[in-house]
Structure formats: C-alpha cells, structure tokens
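Novice: One structure coming up, written as structure tokens, with questions to follow.
The values are calculated or read from the model by the stated rules, or taken from the named source; none is laboratory data. Keep in mind that what you see is a predicted model, and the values were worked out from it rather than measured. So basically every Cβ, Gly included, is an ideal-geometry build from the backbone, and we count neighbours across all protein chains shown. The accessibility values were calculated without ligands, DNA or RNA, using every heavy atom of the protein model including side chains. Shrake-Rupley method; radii C 1.70, N 1.55, O 1.52, S 1.80 Å.
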Amino acid sequence: MNSLKFKPEGWNHEITTLDKDKINDYIKESQTLQGVVKNCDNNYNLYINFENGLTGIMPRQEVEAINIEQTGLPRTNLCTGKVHKFVQFKIKEATDCNNIIISRKQVQEEALEWVKNDLEEGQKVTRYCKKYKTIWSFY
C-alpha cells in the first residue's frame, strides 16, 4: 500500500497545467489536479483561473465533504478561507465558454474511502504537516 497516496494541498506548490483537448481524459481517468483559488463569489462558489482561458468553477456544495452545515452545504468560512490557497480537485464536467466544473469534495471522499477501506492496523502512514512540527500518533 502506498502511504504517500494523498499529499496535502499545496505541498509541492505546482499548479496543474490543463490541456483543453484533454479535459475528457482528466474526467475519465478521475485525475486529482491542483490550482490556486482566485476568488469566492457571494454564493460561496470558488474560482480558479487556468491558462488557455479556462476557468474552474467549484460550486459551494463541491468545496467540502467533511465540515458540512445542517443545510448540507459547507460552512461559509471554509469557502472564503480557500481564497489564494492551493486546492486539489477533480473535474466533474466541461461547459461552454471555457468553464469547467470542479470538485474538491470528490478528492476528500476518495481520501476518506482509502482511510476506511485500505488502511490496516499497524500500517505506517507518512504524515505531512507544514503548520505543526510536533509528531502526532494515531491509534
């Protein structure tokens, strides 16, 4: 099992270069991509601008899979807190006018499934943490 399967957002500071002609391949292969959120609108949707005039639109319901309000939507501070930060995402669909609908929620759900289904007792998992330098233990 690969203990490095899920690296934190922004760990490598690389923004995915999207090829317009390969959007359907990204979707089909369920690739995890990364970009920097440029802004958040009044409805808490996030936007990532890519080269070639592409814009990634992350609807509020696709921002978070874990910290959900009773309304079923992510907390607003989680949306606004992503502005100018790296996020990982999967492409859900391509629309007209060079817009692509993206989902961070799908990446989180995949990571949670890996933790629930693939990790075994005693397995070593590499932890990445930029903010805290102390060692954590998981039981």
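Novice: Conditions first: (1) closer than 19 Å to Gly10 by Cα; (2) basic (Lys, Arg); (3) out of contact with any Phe, Trp or Tyr (no Cβ under 6 Å at 6 or more places or on another chain). Arg75 passes all but one, so which condition is the exception?
Specialist: Of everything listed in (1) closer than 19 Å to Gly10 by Cα; (2) basic (Lys, Arg); (3) out of contact with any Phe, Trp or Tyr (no Cβ under 6 Å at 6 or more places or on another chain), Arg75 misses just condition (1).
Novice: Collect the residues in segment 31-58 that are among the polar types (S, T, N, Q), under 14 Å from the mean Cα position of the chain (by Cα) and closer than 21 Å to Pro74 by Cβ, keeping them in residue-number order. Give the derivation first.
Specialist: Here is the first cut: in segment 31-58, the ones among the polar types (S, T, N, Q) are 31-32, 34, 39, 42-43, 45, 49, 52, 55.
Narrowing further to those that are under 14 Å from the mean Cα position of the chain (by Cα): 31-32, 34, 45.
The answer is Thr32, Gln34, Asn45.
Novice: For segment 70-94, give me each residue that is surrounded by 12 or more Cβ atoms within 10 Å (Cβ to Cβ) and of a type in the set (S, T, N, Q).
Specialist: Within segment 70-94, Thr76, Thr80, Gln88 meet the criteria.
Novice: Can you give me the number of residues within segment 19-60 that are surrounded by fewer than 12 Cβ atoms within 10 Å (Cβ to Cβ), at positive phi and assigned to a loop (DSSP other than H, G, I, E, B)?
Specialist: 1
Novice: Only one of these conditions is not met by Glu121: (1) loosely packed, with under 11 Cβ neighbours inside 10 Å; (2) under 17 Å from the mean Cα position of the chain (by Cα). Which number is it?
Specialist: Unmet for Glu121, out of (1) loosely packed, with under 11 Cβ neighbours inside 10 Å; (2) under 17 Å from the mean Cα position of the chain (by Cα): (2).
Novice: Related question: If a residue must be open to solvent by 40 Å² or more (accessible area, probe 1.4 Å) and either assigned to a helix (DSSP H, G or I) or small (Gly, Ala, Ser) (or both), how many such residues does segment 95-107 contain?
Specialist: 2
Novice: Among the residues of segment 71-78, are any in a loop (DSSP other than H, G, I, E, B) and closer than 30 Å to Gln123 by Cβ? Before the answer, list the steps.
Specialist: Here is the first cut: in segment 71-78, the ones in a loop (DSSP other than H, G, I, E, B) are 71-73, 75.
If we keep only those that are closer than 30 Å to Gln123 by Cβ too, we end up with none.
Checked segment 71-78: no residue is in a loop (DSSP other than H, G, I, E, B) and closer than 30 Å to Gln123 by Cβ.
Novice: Sort through Lys28, Lys22 and tell me the only one that's over 15 Å from the mean Cα position of the chain (by Cα), at pLDDT 85 or above and under 18 Å from Glu110 (Cβ atoms).
Specialist: Lys28
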